[in-house]
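Read through the structure below, which is laid out as structure tokens, and then see the notes.
The values are calculated or read from the model by the stated rules, or taken from the named source; none is laboratory data. No experiment lies behind these values; they were computed from the predicted model shown. With ideal geometry, Cβ positions are generated from the backbone for all residues, glycine too; neighbour counts draw on all protein chains shown.
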Amino acid sequence: RTFFSPAHRRAAEQIKAWMQDCGMESWIDVVGNVHGRIKASRDGTQAVLLGSHYDTVLDGGAYDGALGIIVGLAAVKSMLLTEMEGVRFQSTFLGSRAVEGGVADPQAAVAALALDPASISEYIEVHIEQGPVLEARGLPLGVVAGIAGQTRLWVHVNGTQGHAGTVPMRGRRDALAAAAELIVAVEELCIAPESEENLVCTVGEVQVWPGASNVISGHTGFSVDIRSKTDQMRNLAVARLLQAVETTCKRRDVACKVNRKHDAAAVLSDPEGLESVPVLVSGAGHDAMAIAEAIPKMGMMFVRCRGGVSHSPLEHVEPEDVTASTAALAAYLWGRVAGPMLTGPEVQESAAAADTEASNVRDEL
Ligand SMILES: [Zn+2]
């Protein structure tokens with residue numbers, strides 16, 4: 001489901017229908033975001049925003065993005081099934097009413113539903129972990145303490161193209177050999193002891209020109225992806241890399257240039273309650289990063305995935321873990337709509353309903 005493909009549009013309609021089935025007012029905006037809203041009966045309460053993405057990478061798996069949507073909807077539905085005293089939701093089925101002619105101006109009605117960021121207290125996203133940590137720790141779920149910041153660079157190395165047989169070794173300006181030295185330098189500077197568990201650096205793409213076995217490369221470019229949960233550590237790594245590029249390129253007499261393609265600052269989750277639950281740091285970027293700029297608090301829950309595999313058709317989450325994440329989200333949401341965090345029978349009731357709902361949802365996934 002790449003952005004705006006026919007499959008992407010069909011998915012949007014399906015999600016909208018599921019939201020309506022959960023008693024939400026639902027609409028699709030001009031950029032293709034699918035919105036669903038359900039209001040508590042108490043007025044003046046701030047909204048909790050649940051989000052996930054429904055587009056996928058090419059040749060991706062069934063759970064990236066989709067899991068967060070299904071878990072969010074199942075949690076909301078389970079809450080409706082177990083309405084507690086004093087807590088009710090208004091489900092008005094705007095879409096179907098509009099079709100029946102019950103709303104005079106459906107467009108205005110939809111515009112009136114759009115959320116003002118100031119009315120949102122927090123953003124919550126459930127996502128597959130896309131890494132092996134939860135599985136290794138034997139845990140179905142974890143709360144994300146923060147999302148790593150990221151810098152993406154493209155390094156150009158320009159040498160002199162030449163014949164592999166006739167140009168002597170001394171005096172060559174081999175762009176590929178210089179790039180290879182720099183790639184190893186990137187790895188070395190990121191496995192320094194002070195950056196342990198806090199810095200990851202990857203060269204994932206190399207372009208060699210002209211790319212023939214009998215030609216000394218005249219131009220080689222490569223990508224560098226640097227991530228850390230602290231911006232200070234990431235910026236330090238970038239500075240050291242720039243230094244290494246300068247030194248190496250000078251020594252090898254090649255011309256180098258570094259383009260900074262992308263920078264995203266690290267985002268910290270709301271620390272409240274993090275002492276009592278398993279905590280992780282996300283190395284992958286998430287929608288929560290962009291949302292965190294507009295909304296005061298953000299939280300993410302990660303769900304264990306088999307072998308840490310993601311962005312692959314082999315991606316897999318156990319149905320029991322889907323159930324556990326739905327129950328955890330529903331319990332959290334109960335706490336938010338009912339005031340102080342609940343314990344006891346209400347949460348168990350909600351968890352039991354979430355259980356049933358999650359098992360219904362397994363087939364859909
Ligand atoms: Zn994702």
ask   = Just a yes or no: is a residue in segment 118-138 away from the ligand (no atom under 16 Å from the Cβ), within 24 Å of GLN207 (Cα to Cα) and either crowded, with 16+ Cβ neighbours inside 10 Å or not acidic (Asp, Glu) (or both)?
value = no
ask   = Mind checking which residues of segment 201-232 are without any contact (Cβ under 8 Å) to a residue 60 or more places away in the chain and either touching a Pro at 6+ places or on another chain (Cβ under 6 Å) or not polar (S, T, N, Q) (or both)?
value = CYS201, VAL203, GLY204, GLU205, VAL206, VAL208, TRP209, PRO210, GLY211, ALA212, VAL215, ILE216
request  = Hey, could you check segment 18-45 for residues that are within 24 Å of the chain's Cα centre (by Cα) and surrounded by fewer than 16 Cβ atoms within 10 Å (Cβ to Cβ) and say which is modelled with the highest pLDDT?
outcome  = ILE28
inquiry  = I'm checking my understanding of the structure. Among residues of segment 293-315 that are assigned to a loop (DSSP other than H, G, I, E, B) and more than 16 Å from the ligand (Cβ to nearest atom), which one is surrounded by the most Cβ atoms within 10 Å (Cβ to Cβ)?
reply    = ILE295
message = Is it the case, given these coordinates, that ARG252 is farther than 23 Å from VAL200 by Cα, at pLDDT 95 or above and of a type in the set (D, E, K, R)?
response = yes
message = It is to be established whether one or more residues within segment 257-268 are in contact with a Phe, Trp or Tyr (Cβ under 6 Å, 6 or more places away or on another chain), at negative phi, within 16 Å of the ligand (Cβ to nearest atom) and in contact (Cβ under 8 Å) with a residue 60 or more places away in the chain.
response = no
task = Count, please, the residues in segment 152-193 that happen to be within 27 Å of the chain's Cα centre (by Cα) and of a type in the set (D, E, K, R).
result = 2
ask   = Pick from VAL279, VAL303: which is under 17 Å from the mean Cα position of the chain (by Cα), of a type in the set (A, V, I, L, M, F, W, C) and modelled with pLDDT of 95 or more?
value = VAL303
Count of residues meeting criterion [part of a loop (DSSP other than H, G, I, E, B) and closer than 21 Å to SER121 by Cα] in segment 269-291 = 6
